[in-house]
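Comments concern the structure below.
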Ligand code: SF4
């Protein structure tokens, strides 16, 4: 008997999803229970046991299959499933029907989770490059040699000569430990994938209303009446989230509007599809806002009581009349008007975006413009509304929260003296000792290199850098190089560093890109399924992920590797403790440590015990409200989404919602910027605009010491009075601290296909010290690029892969589904260039290498998804560079099943002015038949 199917009398198998639609009064979860599915579950707890019948297995006696609930390690939807294990061998996956996010469904990546563990491409032991050959070595040898070299480099060049590239696949405990490690090492040169996927979202949202995260949830989209999806292909990037969108469409008759330069799979489900020119989102949104205001469709009360700077916004909006917007974006005035009307007539509505919105030179302005739209429509702080930012990797939200970033310590405390003091207090170490680990006081409080451009720290003259020395050692830890643009320059940097360490379950492109004979170590890390810990999905749900099996082969848990490094570098004892005492139970004691310190975002009430209890009571949570009814989890919200101020607080499903009390998850906007703006206007919410039951029925400042009080008293007292610890402020249309764009502006992409627009919609001035490197804008932009490079180059995802695709391209089933790299090209463009489907084509970018333009050789896939003026490349591939197969550089037996050109060899130079996010969605290129 299979657990996920019930036989009907005619012998056909009935899918529970079908039952939902046939009989809406019986939910899928209810049906599963009512049908008696679950027979054979002989023990309760996070790990159940199923007795498979002898007949099923062909064995003489029943097999005992341990059932372990766990969380998918691919994307940030956060789907749950049940892993079946026999004698520490993962034998199968069963649906976890009661999981409130995915209701048992999995996409192809989730369904292939087991392959991450059992793939014969798993790295089996540490390896070292010696005399140009890969040599197997022991862990002890590897760690001794690596730490000895690190000490030498530190002594010679100082602590900032090390760059750590952490991972959005690390669980919260590992992410936190890695950021703590960087502080103990004495450098801010640590960063992870969030820099190149949603850093512009974090900076944008945090500066508008206080927190830089998804405001509502995937489940909450079930409450939406309209869904604007812009720069995101949900079907491909977050497939299981699509079920909530489709439910909104079916149950609420929600209008689904997809805005994208490419007709995606998601567009096929839309009520309305709008094709806009890549990189013109701000102009498009302002076109809508102007139409909304002209017709009086705005939410006047929201604007008056809960926002600041509306007059500044209106001033900027004058430049965006419908005809001008139409000219910039390529969207007709009629389409602009129709879209604006759909959104205004169907509230509450949500806006969903991903990297199509974020990866631009003005990406932070783009994300802020989406916030502008939602504020004007009054869609914030209510079910069915919000800004639903779909994040990428499984724990990219958590790794961001826990500060695996060069611009902040955990909890967005920043790098100030106060921030280091707070964390020294939590870590229970002498603040002076931490300060003394850094090269000097100034550099301790200065943002470090980022994932996007760390390699310039290796390549540029130190005189051009924002630190005294070059980078001489790099750790790539759960991170593929091929997800970063300017891959040619990254390769040159990898050639040059003295020490390169690649830590991953599989051999990555990082190890095989450089042309060198020694100085490279590959360390086998366990997959997410071979270690336990908490993970935060895209909508701030924090779920406990149970370990399925022990680390296979010689792989080790990431946390064990961090601790080993700290010990060998001489600060292990200091590292393995906190104000709570010495670590005894791992990873749980680290959860308790971040519970203690993460006051700013309320990652304080998600105790290990509550997280584990929710797993067992998943069936008690409502799908639309995410609130549990009855049982020990009564009133809790699934995932205890932050802020979850205390261990009694239910979590905050919907940010900035004033229609419920703070004790139940209510909040105003954060009073983050004081009480008065520089122009003298108030930054506190207006009369009556406060959460229900608030003792102050208007705006108020943040509570004193709320960010540093470790006793929890400030939180308890505030909640008792119905107040939010962070105050009750206004959302900002005008972010005066962003000197270039206090109000978001359209700026033509650096590589613009419309040179006639670049003088009016100017790019930024060059920046001398931008995360320790110079960043070019005006001096780089050339109006005549388009003559030689006439096509827009854009990149995106395939459903089978995630990020650099390193794990998935080592899973044979996924590669069988999606075997090769390609370029999407419109039939007209193909015919104009005499290119047939399947032909090899060179794609070349304006950026030169020593040997000419950067270029990749890919197969043509002819499709009308793209317009005739653009080509589109998926970005998950690696192992081939500019037409050269790199197979011979892999250690024997570790060639991935799937290899191909990396799109990021040709993505153009360009970085967001605020966060240094790489521009990969709007470049220029030319094509030639190969
Ligand atoms: Fe769910 Fe994402 Fe995993 Fe697919 S990859 S099963 S959508 S969590």
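Every number in this text was worked out from the coordinates using simple rules, so none of it is lab data. If you're wondering where the values come from, they're calculated on a predicted model, not measured in any experiment. Note that each Cβ is placed from the backbone with ideal geometry, even for glycine, and that neighbours are counted across all protein chains shown.
So the values come out like this:
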read-out	value
C-alpha center-to-center spacing [the stretch 788-834, the stretch 666-733] in angstrom	48
Sequence-separation-based contact order of the stretch 162-309, relative, with Cα cut under 8 Å and 6+ spacing, percent	14
Percent RCO, i.e. relative contact order, over the chain, from Cα pairs under 8 Å lying at least 6 residues apart	16
Spacing of the two label points (7 Å from each Cα toward its C-beta) at residue 579 and residue 784, in nm	6.3
Kirkwood-based Rg to Rh ratio, the stretch 490-635, C-alpha trace	1.07
Principal semi-axes in Å for the stretch 782-930 [√(5λ), Cα gyration tensor, largest first]	25, 19, 15
Distance histogram for the stretch 387-460 (every C-alpha pair counted, 10 angstrom bins, percent rounded to whole numbers)	17, 40, 30, 12, 1
Viscosity 0.692 mPa s, temperature 37 °C, Stokes-Einstein D of the stretch 271-372 from Kirkwood C-alpha radius, µm²/s	231
More than 45 Å apart - percent of Cα-Cα pairs taken over the chain	24
Volume per residue that the Cα convex hull of the stretch 606-693 spans, once the total is divided by residue count, Å³	102
DSSP bridge pairs, the stretch 750-875: antiparallel proportion in percent, nearest 5	55
Along each principal axis, Cα extent of the stretch 802-880, largest first, Å	38, 34, 18
Proxy reagent accessibility, fewest Cβ within 10 Å first, across 832, 281	832, 281
Ordering of 171-183, 632-644, 688-700 by packing [mean C-beta count within 10 Å, highest first]	171-183, 632-644, 688-700
Normalised per residue, the volume of the convex hull around the Cα set of the stretch 836-907 (Å³)	111
Antiparallel %, DSSP beta bridges [both residues in the chain], to 5	55
Over the stretch 678-804 - Rg/Rh using Cα atoms and the Kirkwood inverse-distance radius	1.18
Distance histogram in 5 Å bins (all Cα pairs of the stretch 447-504, percent per bin)	4, 19, 30, 29, 13, 4, 1
Prolate/oblate/rounded call for the stretch 56-121, Cα gyration tensor, a/c under 1.5 rounded	oblate
Pairwise centroid distance, computed over Cα atoms, of the stretch 534-560 with the stretch 125-179, Å	21
Kirkwood hydrodynamic radius over Cα pairs of the stretch 718-870, then Stokes diffusion coefficient at 25 °C and 0.890 mPa s, in µm²/s	122
Global geometry of the stretch 319-461, whether rounded, prolate or oblate, following the gyration tensor of its Cα atoms and the 1.5 cut on a/c	prolate
When the stretch 769-816 is reduced to its Cα atoms, the Kirkwood hydrodynamic radius in Å	14.9
Rg over Rh [alpha-carbon atoms, Kirkwood Rh] for the stretch 98-228	1.08
P(r) of the stretch 456-556 over all Cα-Cα pairs, binned every 10 Å from zero, in whole percent	14, 34, 28, 20, 4
Rg and Dmax of the stretch 181-291, Cα atoms only, in Å	17.1, 55
Evaluated at q = 0.20 Å⁻¹: base-10 log I(q)/I(0), Debye formula over Cα of the stretch 677-733	-0.74
Exposure proxy order (Cβ contacts within 10 Å, fewest to most) of 764, 656	764, 656
